[in-house]
Amino acid sequence: MIMAIEKTQNEQLAVWQKMHTVLSGFTHTPKAFVQSFGCQLNFCDGEKYKGILADLGYTLTDTPEDADVILFNTCAVRAHAESRVLGRLGTLKPLYERNRDLIIGLCGCMAEEEEVRAQIQKSYPFVRLILGAGAMEHLAEALLRIYAGEKRLTVTELTGTPDEALPTVRESGFMASVPVMYGCNNFCTYCIVPYVRGRERSRQPEAIISEVQQLVDAGYKEILLLGQNVNSYGKDLQQPMPFPELLRQIDAIEGEYFIRFMSSHPKDATSELIDVMLQSKHIEHHLHLPVQSGSDAVLQAMNRRYTAAQYLQLVDDTRKKSPDFSFSSDCIVGFPTETDADFEQTLALIRHVKYDNLYTFIYSPRPGTKAATYAQCTSPDAIAERMQRLLTEQREISEAYNKRFLGAVCTVLIEKYNAETQKLVGKNRHAMNVECDGDPSLVGTMVQVKITAVKNWALGGTIL
Ligand code: SAM
Ligand code: SF4
Ligand code: F3S
């Protein structure tokens, strides 16, 4: 059954109280396991699922074997991601056979796909809850209904903006994600996201700014602002606010921290955005600007709504203002209409831009999208070969371009200690990985590092 649950605040409180009563009747500590897949926005949602479950009285566990509730918070962007989750779900069946009270839930983007729901209904009878990506605030109510006797439940919703007051369990004590908007209006012809996340809904600027202020006050050192296309932030608000203005207001918050954001759609990225970044105190000098292809014909077939020349214009203008500015990107290889000549144009573009990081994906047809109806003009072997060429080329480009930092002194946020290499790993203001020797107690702090070595994936240096 698909239901949209409308609840007043008092009704929600009553649901919460009833769930507390249900869980206090357990003879053991109720435990919950949540695993997220996909993009950073989805991991951010995963922190909210954990927050709700912890608030209801579950202890969070890292192992599904001892959990009373198991939620898979899923990604639908490529077929491979989906089949991995379905495979993992299959391995949970014996757990349900041992414990019929176990609640296994499929949440997130896959839960918004009709074909996936039908497949779960038919072939995964032990999955008792399907909760769509926009329906997370209904989790408590859905669990209560299952405890009250409903065998299986499906809740989907594409228009909701998660309640500002939803509890969150943050995975890190110094890096925090803050969504600024949900959904996407762009309908790139290959992409499933607009179908599983609905249209763009911006959060109120006051709510975002106050969340960032609280995080900075609590000692967070990196704030990652998230949306599928942050550059269209605020267009749907009653009092519209452009993204550069939101950034300006956030940057005014005093403290020692970095601001990052993603993703930026090139069609909406402006020189004003770059100026705000360069004039700011906290915003990184790095832009993730997914290009997808260097061929105008492919970009048009993808419905990206910019040309390679327009894209390069923004890159060149930025580098005139700030020569060491960092760009990273996403690139799809083997889009159905991509010819060898189109692919050569992609190689030419990445040579021109000199990305620090390139995330490469083999095109995966998504049912229901326009490109899924296009005929594939390239064999899988030829696509794999293109991918290899792209990776090799990019490795050489980044290694050569990273040399611009040799001898420089960078502020680095130390993110982790790698026990294997016994090195600290962090990021500088250009979002580049920096590796250095140092005490593990420095994790979560900002240090000054002199860059002394360059590899293709990282810079090496010495803490001053
Ligand atoms: N909203 C972001 C944007 O437009 O830049 C991207 C979000 S998407 C979740 C992340 C990346 O996945 C895309 O930039 C694209 O490169 C890749 N992607 C999306 N759909 C894909 C598909 N059907 N096959 C392969 N890669 C895909
Ligand atoms: Fe997908 Fe395009 Fe939206 Fe990004 S902008 S989420 S690639 S439809
Ligand atoms: Fe993200 Fe995957 Fe959904 S990339 S928005 S989790 S389809």
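Annotation: amide H-H contacts under 5 Å for N73 (H modelled 1.01 Å from N, sequence separation of 5 or more, or interchain): Q35, S36, F37, C107.
Calculated on the alpha-carbon coordinates, the convex hull of the stretch 306-406 measures out at 100 cubic angstrom per residue. Semi-axes of the equivalent ellipsoid for the stretch 1-99, computed as √(5λ) from the eigenvalues of its C-alpha gyration tensor and ordered from largest down, come to 25, 19, 13 Å.
Values of log10 I(q)/I(0) for the stretch 415-464 across q = 0.28 Å⁻¹ run -1.19, by the Debye formula with one identical scatterer at each alpha carbon and no solvent.
As an exercise, identify the trypsin sites (Lys or Arg not before Pro) in the stretch 346-444 lying in DSSP coil whose Cβ has no more than 16 other Cβ atoms within 10 Å. Could the numbers behind the result be given before it?
Values: sites: R351, K354, K370, R386, R389, R395, K403, R404, K416, K423, K427, R429; in loops: K354, K370, R429.
Answer in residue order: K370.
D for the chain, whole µm²/s, Stokes-Einstein with Kirkwood Rh over alpha-carbon pairs at 37 °C and 0.692 mPa s: what number? Result for D is 138 µm²/s.
Using the heavy atoms of the protein chains and a 1.4 angstrom probe, tell me the accessible area per residue for the chain in square angstrom.
Value for the chain: 43 Å² per residue.
Length gained on full extension, N10 to D101, computed as 0.36 nm times the residue gap minus the Cα-Cα distance: 29.9 nm.
Assuming 0.36 nm per residue, please report the length gained on full extension of the stretch Q213 to D340 beyond their Cα-Cα distance.
On the way: separation 127, 0.36 × 127 = 45.72 nm, distance 4.96 nm.
Contour length minus Cα-Cα distance gives 40.8 nm.
What order, most packed first, do the peptides 406-413, 165-172 have when packing is the mean number of other Cβ atoms within 10 Å of each residue?
Per-residue Cβ counts within 10 Å, averaged per peptide and sorted highest first, yield 406-413, 165-172.
Could you estimate the translational diffusion coefficient of the stretch 225-346 from the Stokes-Einstein equation, with Rh from the Kirkwood formula over C-alpha pairs, at 10 °C and 1.306 mPa s, in whole µm²/s? Walk me through the numbers on the way to the answer.
On the way: Rh = 15.5 Å.
The calculation lands on 102 µm²/s.
For every other residue with a beta carbon closer than 12 angstrom to the beta carbon of E150, add +1 if it is Lys or Arg and -1 if Asp or Glu, then tell me the sum. It works out to a net charge of +3. A simple spin-label model places pseudo-atoms 7 Å from Cα toward Cβ; at D316 and E150 they are separated by 5.8 nm.
Computed over the stretch 123-251, the range of Cα coordinates on each principal axis works out to 50, 39, 26 Å, biggest value leading. Report, by chain and number, residues whose modeled amide H sits under 5 Å from the one on L60, excluding near sequence neighbours (fewer than 5 apart, same chain). Amide H neighbours of L60, under 5 Å, 5+ apart: A32. Loop sites here are chymotrypsin sites (Phe, Trp or Tyr not before Pro) outside DSSP states H, G, I, E and B with no more than 14 other Cβ atoms within 10 Å. The longest part of the chain free of them is 188-456. Site pair D437 and Q376 shows an inter-label distance of 5.0 nm when each label is modelled 7 Å from Cα along Cα→Cβ. Modelled spin-label separation between S83 and R305, with each label point placed 7 Å from Cα along the Cα-to-Cβ direction: 3.4 nm. Given a cut-off of 32 Å, name the pairs among K321/K370; K267/K403; K235/K370; K31/K370; K50/K122 whose C-alpha atoms lie farther apart than that in the structure shown. In this structure, K321/K370; K31/K370 exceed 32 Å between Cα atoms. The phi-based Karplus calculation (6.51 cos²θ - 1.76 cosθ + 1.60; θ = phi - 60°) puts the 3J(HN,Hα) values of the stretch 170-175 at 7, 5, 10, x, 9, 10 Hz, whole numbers, x for Gly and Pro. Counted by Cβ distance under 10 Å from E113, the other residues give a net charge of -2, where Lys and Arg count +1 and Asp and Glu count -1.
In order along the stretch 286-299, the Karplus-derived 3J(HN,Hα) couplings, from 6.51 cos²θ - 1.76 cosθ + 1.60 at θ = phi - 60°, round to 8, 10, 8, 10, x, 9, 6, 7, x, 9, 4, 5, 5, 4 Hz, and Gly and Pro are given as x.
The values are calculated or read from the model by the stated rules, or taken from the named source; none is laboratory data. Being a predicted model, the structure only gives us computed values, none of them experimental. So basically every Cβ, Gly included, is an ideal-geometry build from the backbone, and we count neighbours across all protein chains shown. Ligands, DNA and RNA are stripped out before the accessible areas are found, and what is left, the full protein with its side chains, is counted by its heavy atoms. Shrake-Rupley method; radii C 1.70, N 1.55, O 1.52, S 1.80 Å.
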